[in-house]
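Comments concern the structure below.
Every number in this text was worked out from the coordinates using simple rules, so none of it is lab data. None of the values given here were measured: they were computed from a predicted structure. Every residue, glycine among them, receives a Cβ derived from its backbone with ideal geometry; neighbour counts consider all protein chains shown.
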Amino acid sequence: MPDRPKLAVFLHSGEYDRVHQGLSIAATAAAEGRPVDVFFFWWALERLVQDRLDAPDFAREDVNDRFEARRAPTLRELLSHLKEAGGCRLYACSGSLAVIDGTVPAAAGRVDQIVGWSTILALTAGVTDRFYL
């Protein structure tokens, strides 16, 4: 089987729908055996560090209700799937972590590595499949 192209997902917004969309894309790629890197910045990183991963908090209550009634996977479940699928690495941006007042130990337990932009640029060099949310 030829090498599968790598996928990079950049999560900036902490809105539940955007983080869910990004993790869904990553989970699908990981299930297909593609290597995946997920980078958490700013408000997405804050959501992760604060462990706000379970209850959906969409702006509309009817969407929250349908999401739960249809048993759509939570952010925590998607992250669990990514870890189980293998081939996915989670990264926290060190600069964003400092600005959101997150602590390194809190983030370290949730991501594989805390990195700066030089590492992010090196990890994503040549990656053509990128999603920004």
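Between amide H atoms placed 1.01 Å from N, distances below 5 Å from Leu7 occur with Val36, Asp37, all of them 5 or more places distant or on a separate chain. The stretch between Val104 and Asp65 holds 10.6 nm of extra length on full extension. This uses 0.36 nm per residue minus the Cα-Cα distance. Rg and Dmax of region 26-107, based on Cα coordinates, read 14.2, 38 Å.
Here the chain is treated with +1 on each Lys and Arg Cβ and -1 on each Asp and Glu Cβ, and its dipole about the Cα centre works out to around 340 debye.
Sorting 73-82, 110-119, 20-29, 53-62 by their mean Cβ neighbour count within 10 Å, with the most densely packed peptide first, gives 20-29, 73-82, 110-119, 53-62. Between Tyr132 and Phe10, the built amide H atoms are under 5 Å apart, and every one of these is 5 or more places off in sequence or on another chain.
Per residue, the convex hull spanned by the Cα atoms of region 85-129 measures out at 88 cubic angstrom. Once you sort the root eigenvalues of the Cα gyration tensor of region 8-48 as a ≥ b ≥ c, which label holds: rounded (a/c under 1.5), prolate (a/b larger than b/c) or oblate (the other case)? Note, shape of region 8-48 comes out prolate.
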